[in-house]
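Remarks on the structure that follows.
The values are calculated or read from the model by the stated rules, or taken from the named source; none is laboratory data. Remember, predicted model here, so these are calculated numbers, not experimental data. Here the Cβ is made from the backbone with ideal geometry for all residues, glycine too, and neighbour counts use every protein chain on show. Heavy atoms of the whole protein, side chains included, go into the accessibility calculation; ligands, DNA and RNA do not. Shrake-Rupley method; radii C 1.70, N 1.55, O 1.52, S 1.80 Å.
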Amino acid sequence: MSFLQLLWFVLIGVLFAGFFFLDGFDYGVGMATVTLTSDEAERDQTVRTIGPVWDGNEVWLITAGGAMFASFPFWYASLFSGYYIILMLVLVGLIIRGASFEFRKRSPMPQKRIWDWALGIGSFMAPFFLGIMFISMIQGMPIDANGNFHATFFDYINWFSVVGGVALSLLTYLHGLNYIALKTAGDIRQRANNVAQFLYWVLYVGLVVFALMLIFMTDFMKVHPVATIVMLVVMVVLTIIAQVAAIKGKELTAFIASGLTLVALVVLLFIGLFPRVLISSISPRYDLLIQNASSTQYTLTVMTIATCCLLPFVLAYTIWAYWIFRKRIAMPVITEAK
């Protein structure tokens, strides 16, 4: 395995981590729009917290897919063909979610509620089915020597993958609640904080179930025992920090900690995969490895140079955008017509 192959494996992990940190709270806010708010004014208030940034956040997922296509074409080909239906469901969620922002803004009140639900459902579908994909992937899939999937329904949908989908949805929901508490003023700010404090107790149970399934239903403890335990502990510690911060009203700390929990989850999955990119349940001989799934050294070199040139501008724009829209969103003032 060359340095550039390892570098691009790490960079793809970084892109997915950045996607879940940034777009994770987008999904959480979308779900909160239909589960936390009490009226249309509060729904407008929550949507406005992500209005300027949601589309930019989703670029991280597109970039991760594009980077995988260019740097690990064999990984991309097997993954996207094998998970075609799952990824189509993710795409449907993203489409109805993206459409809801425009349609809810331009629709009269009865139809507007439909698009509120479209936002909530689409925001749940994306993390849930991404969780299904990642967890079934680390369990191992029936992949042959040519990288082709021979999977049945229960290879994709099983107890562990469903727990992973629910856990990822809950993590993004909590991340969104912390963002709402950080970015809003008024009753919904305190309500988001209170709901988050309660849901952290649910998350602890979920983390225990997830950890036990990870230990007994994957080979992570066999190939990387120390790193696996360390990352599970890090996730629990970050969850505790986020809950304590929410109780003390330290909203920024709670938001950062919940986002880093998602980052720790991505790190855990990528460490467990290493040095593989896909695990075959048929035979370890059919595992797709970093060293034989990547592009040529020339391609990786050109991509590295281009990334070093463009990445500072992307990061600078992202930081600038969040700085510009850093103020809290107040409840719209509604006056009665005389």
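Rolling a 1.4 Å probe over the protein heavy atoms gives segment 227-338 an accessible area of 60 Å² per residue. Modelled this way, with points 7 Å down the Cα-to-C-beta line, the labels at Tyr204 and Thr152 are 3.9 nm from one another. Approximating the spin labels as points 7 Å out from Cα along Cα→Cβ, the Val314-to-Ala145 distance works out to 3.8 nm.
For segment 197-338, what is the convex hull volume of its Cα atoms per residue in Å³? Numbers along the way, then the final one.
Numbers: hull volume 31.2 nm³, N = 142.
Taking the convex hull of the Cα positions in segment 197-338, it is 220 Å³ per residue.
Going through [x] 21.6, 71; [y] 20.5, 77; [z] 22.6, 75, the figure that equals Rg and Dmax of the Cα atoms in Å as computed for the structure here is [y].
Applying 1/(1 + (r/R0)^6) with R0 = 25 Å to the Cβ-Cβ distance of Ile247 and Tyr322, what FRET efficiency is obtained, to the nearest 0.05?
Working: r = 25 Å, r/R0 = 1.02.
For Ile247 and Tyr322, the calculated efficiency is 0.45.
Rolling a 1.4 angstrom probe over the protein heavy atoms with all chains in place gives segment 1-55 an accessible area of 29 Å² per residue. Compared with the dominant Cα axis of the chain, that is its longest principal axis, helix 159-183 is turned about 40°. Just the protein heavy atoms count here, and of the accessible area of the chain at 1.4 Å, carbon and sulfur take up 74 percent. Does anything in segment 25-44 have its amide N under 19 Å from the 7 Å Cα→Cβ label point of Arg113, and if so which residues? Answer for this model: 31-44.
Projected onto their three principal axes, the Cα atoms of segment 130-279 cover extents of 58, 31, 22 Å, largest first. Length gained on full extension, Ser283 to Phe3: 98.1 nm, using 0.36 nm per residue less the C-alpha separation.
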